[in-house]
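Below is one structure, written out as structure tokens, with a few remarks after it.
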Amino acid sequence: MEASLRFNPSISSSQRNQTLTSTRIRILPNLPTFSASRRHRSPAIRAAISRTKKEQTVDSVRTQLENCHLVAGIRYKGFTVSQFQELRRSLPEFVHLLVAKNTLVGKAIEGTPWEALRPCMKGMNAWLFVHAEEIPAAIKPYRRFQKERKLEENDFVGGVFEGKFYAPEEFRVLETMPSRAEIYAKLLGSLQSPAIGIIGTLQAPAREIVMLLKAYVEKLEEVGDDGAVNA
């Protein structure tokens, strides 16, 4: 903003300076003022929001751990957003995929059987929560996705099933576990076969025998008093 002033020749130089000073002060625009409290408020707000998000993530992990049969970590570094979304769509409805920092997952599993996951908490991980006993069906979609997208480096970093930690090289055991239908078929076949078939079943690994017996008990519970299977 400019202003032109004319002075009376009779005015002294000191009076002219006073006039110019007062004029400059009057024509200055109104500028906003900032207080020290406003400058320091923003970091505090950001810290509160960050803390809230962390607490929400921990709560989300704890919710996923309820009625969970398997938790497995996948190396997440290098994934694109589109790849991650595509992977999510390929998973069965009983599987939930979540990206969370190791520190937050570690806080969520404190004091639970899932603390066995700690050996695989390195780097950037996505976490697979399986809410069904169909373990191979939960793992195979990622194996197929990994092969099609040539993501060999994005392997499983470990997992926990029935309280036991499985290293990446042990995942073959989980991927080849019999399905519920296969357990039923094998159990019924053993019951209907000669005694040698039952002996062969008893010589199977302890974990498989337990699963067979569990399936048999569930089958018996479905039978009514009159011997017919309930609908």
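None of the figures in this text is laboratory data; all of them are computed from the coordinates on show. Just so it is clear, the structure is predicted and the values come from calculations on it, not from any experiment.
Around the amide H of residue 166, modelled in the peptide plane, lie the amide H atoms of 159, 160, 161, all under 5 Å away and 5 or more residues distant in sequence or on another chain.
Pairs of alpha carbons in segment 47-138 separated by more than 17 Å make up 51% of all such pairs.
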